[in-house]
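Mind looking over this structure? Questions follow.
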Amino acid sequence: MRYRTIAGTEIEVSEVGFGVWTVAAGWWGEYSDAQAVTLLRQAYDRGVTFFDTADTYGNGRGETLLAQAFPGADRDEIVVSTKFGYDWESNVGKRREGHQEAPHCLDPDFLERALDASLRRLGTDHIDLYQLHNARLEHLHNDAVWSFVERARAAGKVRAVGVALGPAIGWAEEGHYAMEHLPVEVVHMIYNALELDPGRELIATARRTGKSLLVRVPHSSGMLEGRYTAETEFPEGDHRRHRPRAWLVNGVQKVEQLRFLERENGCALGQASLRYVLRTPEVVSALPNIYDLAQLDEFAGAAAAAEISDDQAARIESLFESNYGLPREVEAGTASRHAAGAH
């Protein structure tokens, strides 16, 4: 494993992090607490030290799983990131259609309670990275939020602050504004070899402003793991089961044109995909969906994979600009849409 430091801090994170959403939210299959804790510990044994969750993942379960996996003295061996901003507790037991988001609540009293609740669930006195979850521009303009954040820093409850963009790909205006105008160290975005924008523009802003980036969905919801075919059937409980079939068929066609990375670099496509997003120094960690030990071993092993060359990166960008040779109209209605309100 390799490690990078969040800009403006002394916080060192593993290049490959663990997104706890996968084992806590029930959208990538069901995990018992014991299964989830075992996978988290196995990740740590392979050098993963950065664990990213949110108070809304599994209605607090993502945080309690981390407390179970890394209690007491173990806490100082890892970097914990969680998120805030959703009033999910007032919606527990209520029906939400599909992937509908919980409402945001950014009242200072609510935020103070939410922070203390996260600390209790995590079993810790501090959060290494605290991110405003799926922020809208109006939230970023809310001075009360950033006054709360600075109080939390001054109290030692929070070490660094970020803005997580979402729930779907996009939100470029929010990302640029956060890096240019707010007291944050990190912006958290979707970026991968199939979905370069708005990531490319956000990378340029991070470079100019001296901020760090986190990347989620580095495998485009599993597509860049390179294992799917046009006949793949996703199991019950997997949110990809409900996507249009065109998403799968078109994605598989695109992935075939990226197989040159496997041949030229002698590694799995999933490893090359991680090395692609990590070739940007502003990206301090990538957060693949890790849902079994074999996947964990592959992704943790990406540190040993060959770097993506400038020529290879240029070929990826050229393929993206040409829509991987597919007619533009086939993309209608099939663009990635990632788990509203839960990621």
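Averaged over every viewing direction, what's the projected area of the C-alpha convex hull for the range 146-214? Give it in nm², one decimal, please.
Averaged projected area of the range 146-214's Cα convex hull equals 4.8 nm².
Note the angle between two axes, namely the Cα long axis of helix 143-154 and the longest principal axis of the Cα atoms of the chain, as a number of degrees from 0 to 90, rounded to the nearest 10.
Orientation of helix 143-154: about 80 degrees from the principal axis.
A further question follows. Calculate the dipole size of the range 3-331 relative to its Cα centre from +1 charges on Lys and Arg beta carbons and -1 charges on Asp and Glu beta carbons; express the result in debye to the nearest 20. Intermediate values should be presented prior to the final figure.
Working: 34 positive and 51 negative charges, 36 e Å.
Charge dipole, the range 3-331, about its Cα centre: 180 debye, nearest 20.
So if each residue of separation counts as 0.36 nm, and I subtract the Cα-Cα distance between Asp87 and Arg200, what length gain in nm does that give?
Using 0.36 nm per residue and subtracting the Cα-Cα distance, I get 37.5 nm.
Okay, moving on. Under a point spin-label approximation (7 Å from Cα along Cα-to-Cβ), what is the Ala73-His126 distance to one decimal in nm?
Calculated label separation equals 2.0 nm.
What is the antiparallel percent of DSSP beta bridges lying wholly in the range 3-331, to the nearest 5?
Rounded to the nearest five, the antiparallel share is 20 percent.
With unit charges on the beta carbon (Lys/Arg positive, Asp/Glu negative), name the residue among Val149, Gly123, Leu137 whose Cα is farthest towards the positive pole of the charge dipole of the range 114-168.
Going by the charge dipole, the pick is Gly123.
If the elastic network links every pair of Cα atoms under 10 Å, which of Glu63, Glu89, Glu195 fluctuates the most in the Gaussian network model of the chain?
Comparing Glu63, Glu89, Glu195 in a Gaussian network model of the chain, the most mobile one is Glu89.
Taking the highest mean first, how do the peptides 257-266, 68-77 order by number of other beta carbon atoms within 10 angstrom per residue?
In decreasing order of mean packing, 257-266, 68-77 become 257-266, 68-77.
Treat each spin label as a single point 7 Å out from the Cα along the C-beta direction, and report the Ser147 to Thr232 distance in nm.
The two pseudo-label positions are separated by 4.8 nm.
While we're on this one: Expressed as a whole percent, how much of the Cα-Cα distance distribution for the range 98-143 exceeds 18 Å?
Value for the range 98-143 (Cα pairs over 18 Å): 40 percent.
Suppose R0 equals 51 Å. What FRET efficiency, 1/(1 + (r/R0)^6) with r the Cβ-Cβ distance, do Glu10 and Ser322 give to the nearest 0.05?
0.75
Sticking with this structure for a sec: Can you tell me the 0 to 90 degree angle between the C-alpha axis of helix 33-45 and the longest principal axis of the chain, rounded to 10?
Roughly 70 degrees between the two axes.
Oh, and also: Remind me, relative contact order of the range 146-229 in percent, using alpha carbon pairs under 8 angstrom and six or more residues apart?
After rounding, I find 26 percent.
Pick out, from Gly166, Val187, Ile6, the residue whose Cα sits farthest towards the positive end of the charge dipole of the chain, with +1 on the Cβ of Lys and Arg and -1 on the Cβ of Asp and Glu.
Gly166
If I compute Rg and Dmax of the Cα atoms in Å from the structure I just sent, which labelled value in [x] 22.1, 83; [y] 19.0, 55; [z] 21.1, 64 lines up?
From the options [x] 22.1, 83; [y] 19.0, 55; [z] 21.1, 64, the structure gives [y].
FYI, it's all coordinate maths here, none of it is from the lab. The model shown is predicted, which means the values in this text are computed figures rather than measured ones. So basically every Cβ, Gly included, is an ideal-geometry build from the backbone, and we count neighbours across all protein chains shown.
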